[in-house]
Amino acid sequence: GNSVTQMEGPVTLSEEAFLTINCTYTATGYPSLFWYVQYPGEGLQLLLKATKADDKGSNKGFEATYRKETTSFHLEKGSVQVSDSAVYFCALSDRNNFNKFYFGSGTKLNVKP
Amino acid sequence: GAGVSQSPRYKVAKRGQDVALRCDPISGHVSLFWYQQALGQGPEFLTYFQNEAQLDKSGLPSDRFFAERPEGSVSTLKIQRTQQEDSAVYLCASSLSIGGGFTEAFFGQGTRLTVV
């Protein structure tokens, strides 16, 4: 079946530190991969995506590369800000059904000034 | 309104009570999704509508769960005879297109249901 595993949080970093949030997946087919972010008091938002192997998704300084050989899609940012504090969800969708997503359990990031 | 609106924001129900959760999508949005998010977990798919047609309801956990979107705009998720395991945040999202699907969806803030 389809599933996503991501590192447990919370992750606490100082401002300007390097961020990595690990995400691995299991899929029956050839999935598309996503990172979503949920800021405090707000709804989920799409952060970035990658639809095929070796693609790199990027947005707002965040990056993730679709690694088929390791079934991973780790989220990275070179220098985090306090405003990046949020919960981050890794997700996949089956190519045959873009309307049904499988989410990881989320990783809470706290960035201290 | 400008975004997806869900009501109520919070609902406390006694076990066995029926509840109805409302979602007002962005005007003109064709696709509408319901997801369930248990505490400390990621969202799980419940159902998908394209206009008034419910095209996928494979995620509804039991026949106590029922969703409708009769006029292709407002949607209601109904849970009959609520159980404690139904306690979760219920997320609604809508998107303008069919092809882009969920990736172009805008989310509401959710309804937090607590069954006591």
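The values are calculated or read from the model by the stated rules, or taken from the named source; none is laboratory data. Keep in mind that this is a model prediction, so the values were computed, not measured. Please note: Cβ atoms are built from the backbone with ideal geometry, for glycine as well, and neighbour counts cover all protein chains shown.
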Restricting to the range A:39-59, what's the tally of residues that are buried (at least 18 other Cβ atoms within 10 Å of the Cβ) and closer than 21 Å to residue B:41 by Cβ?
4
Of (1) surrounded by fewer than 21 Cβ atoms within 10 Å (Cβ to Cβ); (2) modelled with pLDDT of 95 or more; (3) part of a strand (DSSP E or B), residue B:91 satisfies every one except (1)
Looking across the range A:60-90 at residues that are surrounded by 15 or more Cβ atoms within 10 Å (Cβ to Cβ) and β-branched (Val, Ile, Thr), the single one that is farthest from residue B:25 (Cα to Cα) is A:71
Search the range B:33-52 for residues being facing chain A (nearest Cβ under 9 Å) and among the hydrophobic types (A, V, I, L, M, F, W, C), and hand back the single one that is nearest to residue B:5 (Cα to Cα).
B:33
Do you know which residues across the range B:53-75 are of a type in the set (D, E, K, R), closer than 29 Å to residue A:107 by Cα and more than 10 Å from every other protein chain (Cβ to nearest Cβ)?
B:57
Consider residue A:36 carefully, then state whether it is within 13 Å of chain B (Cβ to nearest Cβ), buried (at least 18 other Cβ atoms within 10 Å of the Cβ), under 12 Å from residue A:106 (Cβ atoms) and of a type outside the set (S, T, N, Q).
yes
Just checking, how many residues over the range B:3-48 are in a loop (DSSP other than H, G, I, E, B) and in contact (Cβ under 8 Å) with a residue 12 or more places away in the chain?
18
Only one of (1) crowded, with 17+ Cβ neighbours inside 10 Å; (2) farther than 24 Å from residue B:58 by Cα; (3) out of contact with any Lys or Arg (no Cβ under 8 Å at 6 or more places or on another chain) is not met by residue A:16, so which one is it?
(1)
Hey, among B:56, B:86, B:63, which residue is modelled with pLDDT of 95 or more and within 30 Å of residue A:88 (Cβ to Cβ)?
B:86
The strands (runs of 3 or more DSSP E) lying entirely within the range A:22-100 that contain at least 2 residues which are touching a residue at least 60 places away in the same chain (Cβ under 8 Å) are A:23-26, A:32-38, A:86-94
Residues that are more than 18 Å from residue A:101 (Cβ to Cβ) and touching a helix residue (DSSP H, G or I) at 6+ places or on another chain (Cβ under 8 Å): does the range A:41-59 have at least one?
no
